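Q: Got a structure here, written out as C-alpha cells. Questions coming.
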Amino acid sequence: MTSEVRIPISPGLFKFNGGIHIPTNKDMSVQVPLSVASLPKELVLPLAQHIGQVAEPVVKVGERVLKGQQIAKAPSYVSAPIHAPTSGIVTHIGDKPVPHSSGLEALCLTIEVDGKDEWCELQPIEDYTQLDAITLRNKVREAGIVGLGGAAFPSSVKLNPSPNSEVELLVINGAECEPYITCDQTLMSERAEQVVGGIQIILHTLGVEQCWIGIEDTMPTALKGLNEAIREACEESRIQVKVVPTIYPTGGEKQLIKVLTGKEVPSNGLPAEIGIVCHNPGTAAAMYRAIVKGEPLVTRILTVTGNGVQQPRNLEVLFGTPMSHLIAEAGGYTDNVERLVMGGPMMGFSMHTDELPIVKATNCILVGEAGEIADPEPAAPCIRCGDCANACPANLLPQQLYWYSKSRQFEQAQEDYNLFDCIECGCCSFVCPSNIPLVQYYRFAKTEIRGAEADKRKADHAKGRHEFREERMQREQLEKAEKLRKKKEELERKKATSTGSEGAKPGQDAIAAAVARAAARKAKLAEEGKGPKNTEQLSDGQQAQLDATDARQSDAADPKAAAIAKAKAKAAAIAAAKTKAKTDTSEQSKTNAVDAKQAAIAAAKAKALEIAKKKARQKTGNESSAPSPQAELAPKKAAIAAAKAKALAKSKPAASSGNDAAELEPKKAAIAAAKAKALAKAQDNAKPAAEETPKQAVIRAAKERALAKKSEATPTANADEPKPAPTLDPKKSAIKAARERALAKAKEKQD
Ligand code: SF4
Ligand code: SF4
C-alpha cells in the first residue's frame, strides 16, 4: 500500500457534525490505468436497477438485440429504461439471483453475447445548446441514466426541480469518501472532459451559471484532470473544483453541501429546496455520452479491489457482467480470500457468491482476505455512552432509533427521531463499543415502514375504488327512480287529458266505443230484418260500410281508433270487391259457354250446308240450285259467332280458369264444326251415279273393270262353283256404310 498524497484544501469551507477518520485504502486500485473489461459470455440484467418502478421488458426470448437497444421500458415517471449492453440473443426472462442484501431473486433478462458488440443506430447531437430543457431531460430519461454514486435515482427527475425552487448552484459530488473505492477518482483523472462536458449540459438544462466540483484532498490526479478539462471547455469561474478534507462521510450529499456552502438541507427535504442540485461525476459523464454521442447508459466504471484479488484496478464494464468475470479480469483471487462485498466496507453488503451481475448502482467489488475486513463482534447491550450520537453526521440520536426499531415502534422512530434522515453511513456502528449493528436495525425499520406505506397505499386505492363504485351505484339508482317517476307522471297526465275516465287508456276507450257502436247497429239491422243477426252473417260490402261509418265517427274522438276503423273499412271494401268480381266472373263464364256452344253448332250446320250446296252447284251447274241469300249468310254468321266465342274464351282466361264448362265450350264448338265438315264431305261422296261427272264415271268404270279382272285371275278349287264376291276391307266397308248413312241423313234434311 502506497502512502497517500494530500493536496491543499480549498478555503472558505464548512464542517458538518460527526464523521470519522478511517483508513481509505484507495491507492491499491489506482496503480494501473482504467481499462475496459472483456465481453463475457452472458449478461444478466435485473429489471430493478434503480429507485422507482421496475422496468418492463419490451423484447422476447429468442430475439436478437443490438448494443444500446432498449430492452425494458420505464413504466412511470420515477423509473428508468434498460438497454442491451452489447449485441446478442435474449435467452431468458425470469427470476435470477441479484446483488441485494436480502439475497432474494428478482426478474432478470438474460442475453447471450454474440461477441460482435454491434451498436444500434445512434442519434448524436452536435450542438445541444439549441435544445430546450424538456428535450434534454427526455433524452436523459430515454438513455436510462440514474445516479451512479450508489443511490441509482433517475437523473431526469433531478433535472426537473420544482418550479418553486430557484436553483443557483450545481454541486458535483466527487468526494468519494467510502474506503477502497476509486471509480469516481479514476473517471475524473482519465476522462475529465466527459465529466466537464456533462456538467455543461446540466447547467444548460437547469439554467444555472455556477458549478462546484467537490473532491477529497487525496485526489491529486483528479484535480489535475478536471482543471485541464475546465480550461479547455469554458471559463474557470463557471466551473470550480473545491478540495475538501477527507473525513468519512463527506461524500454524503447533505454533508458535502454543508461543507461547500454551509447550508443545511431540511429534514426530509431535498437540496433543491435550498437552491442546490447535486449529481455524481459518473452521472455527468453518462449525460455527456448520451447527449453528444447518443449512447444510452450500458456501462460504468467500477473498482475491483481488496487484498483478495491479484491486481486491484478500475474497469469499465457492461451492466449484467458476472462479478466472477471481473475478478478474473483483476487477476483472480488470492489464496486467502475471506469476504466478498458489493460497495465499500462501511455501506456495502456481503455476497455469498460471485455469480451475481453488475448493476447500475455497483461501484465496487471488494474482495477481502482474512482480517482485512473485520467480522462483526457479538453485540452487547447498549451502555448509553453516546458515542454513536457524537459520530452521526446527520445529527440524529442513533441509540434512540435503535431502541424504537428493535421494539418495532416504527412510528416513533420515524416521526420523533427522523429515521429517514439517516444516510446509513455506519459511523454509529463503527464507534459503538457494544458492537451493536445499528445500521442493520435502521434498514430493517425503514423496510418495514416502506412496506406498511405501500400496503396502505394499496388499501387506500382499493377503498377509493370501492367508495367510487358505491357512489356510482347510488347515483344510478337515483337516476333510475327519477326516470320512472317522470314517466309515471307523464302517463297519468295523458290519461287525465284524453278521456277523463280512470283505469283505461285513451286509445282503448275509443276502440271500445267504436266496437260498441258497430254491435248496436248490427243488432238494430237484425231486429228490423234488414240485415244479418250477427257479425259473421254480414257481407263484405256491409261490413265495409259499417267500418267506414265507424272510422268517420271515431276520427273526431280518437285518431288511433279512427285509423284502425279506416283500415278495417278498407279491408272489408277489398273483400267485397273480390266477392263481386268472383260472382260476375262465374255468371259471365256460364253465359259465354252457352253462347259459344250455340254458335259452334250453328257454324257447323251452316258450314255443312254450304259445302253440300256448293258441291251440288259444281256438279249440275243448275242455276236453280243456287243458295238463297239467307243460306249464303248463315255460314258467315256461324263463323262470326264461333270467332266471337273463341275470342271471348281467350280474352277471359282468368274468368274461365275457375269454370270447366266455359273452358270446354270452345273445344266442343270446334269438334262440332269438324263433324259438320266431315258430314258435308261424306254427303258429297255419297251422290248418286246420275250425278257423276263424265270423268268420275270413266274412273269408276275403270275401277270396276280392274276389280273384275282381279277376280277372274284368282285360282279356284272348282271352276263350276260360282265365284265368291270379292272380299272388301273392313275399314273401307265401315267408311262405305258411314257414307251411306250420312247420305241418307243429308237427303232427309234436304227434303
Ligand atoms: S454507541 Fe452503542 S452503546 Fe453507546 S449509546 Fe450508542 S448504541 Fe449505545
Ligand atoms: S448510520 Fe445513521 S444514525 Fe448512524 S451515524 Fe450514520 S446517519 Fe447517523
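Q: Does G371 count as touching a residue at least 12 places away in the same chain (Cβ under 8 Å), away from ligand 1 (no atom under 16 Å from the Cβ) and either charged (D, E, K, R) or open to solvent by less than 30 Å² (accessible area, probe 1.4 Å) (or both)?
A: Details: touching a residue at least 12 places away in the same chain (Cβ under 8 Å): yes; away from ligand 1 (no atom under 16 Å from the Cβ): yes; either charged (D, E, K, R) or open to solvent by less than 30 Å² (accessible area, probe 1.4 Å) (or both): no.
Spelling it out, it is not the case that G371 is touching a residue at least 12 places away in the same chain (Cβ under 8 Å), away from ligand 1 (no atom under 16 Å from the Cβ) and either charged (D, E, K, R) or open to solvent by less than 30 Å² (accessible area, probe 1.4 Å) (or both).
Q: Determine if segment 386-405 includes at least one residue that is open to solvent by less than 50 Å² (accessible area, probe 1.4 Å) and more than 16 Å from ligand 1 (Cβ to nearest atom).
A: no
Q: OK, next. Helices (runs of 4 or more DSSP H) wholly in segment 204-293 with at least 1 residues that are touching a Pro at 6+ places or on another chain (Cβ under 9 Å) and β-branched (V, I, T) - which ones?
A: Details: elements: 220-233, 253-261, 281-288.
Of the helices (runs of 4 or more DSSP H) lying wholly inside segment 204-293, those with at least 1 residues that are touching a Pro at 6+ places or on another chain (Cβ under 9 Å) and β-branched (V, I, T) span 253-261.
Per-residue answers, yes or no, for (1) surrounded by 13 or more Cβ atoms within 10 Å (Cβ to Cβ); (2) at positive phi; (3) within 14 Å of ligand 1 (Cβ to nearest atom); (4) of a type in the set (G, A, S):
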| position | (1), (2), (3), (4) |
| --- | --- |
| Q409 | yes, no, no, no |
| D416 | yes, no, no, no |
| L419 | yes, no, no, no |
| G426 | yes, yes, yes, yes |
| C432 | yes, no, yes, no |
| E453 | no, no, no, no |
| R457 | no, no, no, no |
| H466 | no, no, no, no |
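Q: Being open to solvent by 60 Å² or more (accessible area, probe 1.4 Å), more than 25 Å from G252 (Cα to Cα), in contact (Cβ under 8 Å) with a residue 40 or more places away in the chain and away from ligand 2 (no atom under 16 Å from the Cβ) is the requirement here; does R493 meet it?
A: Values: open to solvent by 60 Å² or more (accessible area, probe 1.4 Å): yes; more than 25 Å from G252 (Cα to Cα): yes; in contact (Cβ under 8 Å) with a residue 40 or more places away in the chain: no; away from ligand 2 (no atom under 16 Å from the Cβ): yes.
Spelling it out, it is not the case that R493 is open to solvent by 60 Å² or more (accessible area, probe 1.4 Å), more than 25 Å from G252 (Cα to Cα), in contact (Cβ under 8 Å) with a residue 40 or more places away in the chain and away from ligand 2 (no atom under 16 Å from the Cβ).
Q: Taking P378, is it open to solvent by 40 Å² or more (accessible area, probe 1.4 Å) and either assigned to a loop (DSSP other than H, G, I, E, B) or within 15 Å of ligand 2 (Cβ to nearest atom) (or both)?
A: Numbers: open to solvent by 40 Å² or more (accessible area, probe 1.4 Å): yes; either assigned to a loop (DSSP other than H, G, I, E, B) or within 15 Å of ligand 2 (Cβ to nearest atom) (or both): yes.
Taking the combined requirement at face value, the residue satisfies it.
Q: Hey, any hits in segment 113-129 for a residue that's in contact with a Pro (Cβ under 9 Å, 6 or more places away or on another chain), assigned to a loop (DSSP other than H, G, I, E, B), at negative phi and open to solvent by 70 Å² or more (accessible area, probe 1.4 Å)?
A: No, the conditions are met nowhere in segment 113-129.
Q: Every residue in segment 434-451 that is out of contact with any Pro (no Cβ under 9 Å at 6 or more places or on another chain), among the hydrophobic types (A, V, I, L, M, F, W, C) and either in a loop (DSSP other than H, G, I, E, B) or open to solvent by 60 Å² or more (accessible area, probe 1.4 Å) (or both), please.
A: Within segment 434-451, just F444 meets the criteria.
Q: Please find, within segment 355-375, the residue that is nearest to ligand 2 (Cβ to nearest atom) out of those that are charged (D, E, K, R) and under 30 Å from A84 (Cα atoms). First the steps, then the outcome.
A: Taking segment 355-375 first, the residues charged (D, E, K, R) are 355, 360, 369, 372, 375.
From what is left, the residues that are under 30 Å from A84 (Cα atoms) are 355, 360.
Details: E355: 30, K360: 23 Å.
Among them, the one singled out is K360.
Q: Closer than 24 Å to I22 by Cα and in contact (Cβ under 8 Å) with a residue 60 or more places away in the chain: is that true of I383 in this structure? Lay out the reasoning, then the answer.
A: Working: closer than 24 Å to I22 by Cα: yes; in contact (Cβ under 8 Å) with a residue 60 or more places away in the chain: no.
Judged against the criteria, I383 is not a match.
Q: Out of all the residues in segment 381-396, which are more than 8 Å from ligand 2 (Cβ to nearest atom), touching a helix residue (DSSP H, G or I) at 6+ places or on another chain (Cβ under 6 Å) and in a loop (DSSP other than H, G, I, E, B)?
A: C382
Q: Taking the stated definitions as given, is I383 within 15 Å of ligand 1 (Cβ to nearest atom), aliphatic (A, V, I, L, M) and open to solvent by 50 Å² or more (accessible area, probe 1.4 Å)?
A: So I383 passes the test.
Q: I'm trying to understand the selection: among the residues of segment 207-243, which are within 21 Å of Y128 (Cβ to Cβ) and surrounded by fewer than 22 Cβ atoms within 10 Å (Cβ to Cβ)?
A: Across segment 207-243, the qualifying residues are G207, V208, E209, Q210, A229, R231, E232, A233, C234, E235, R238.
The values are calculated or read from the model by the stated rules, or taken from the named source; none is laboratory data. All values reported here derive from a predicted model rather than from experimental measurement. Counting neighbours? That spans all protein chains shown, and the Cβs are built from the backbone with ideal geometry, glycine included. With ligands, DNA and RNA removed, areas are computed over all heavy atoms of the protein, side chains included. Shrake-Rupley method; radii C 1.70, N 1.55, O 1.52, S 1.80 Å.
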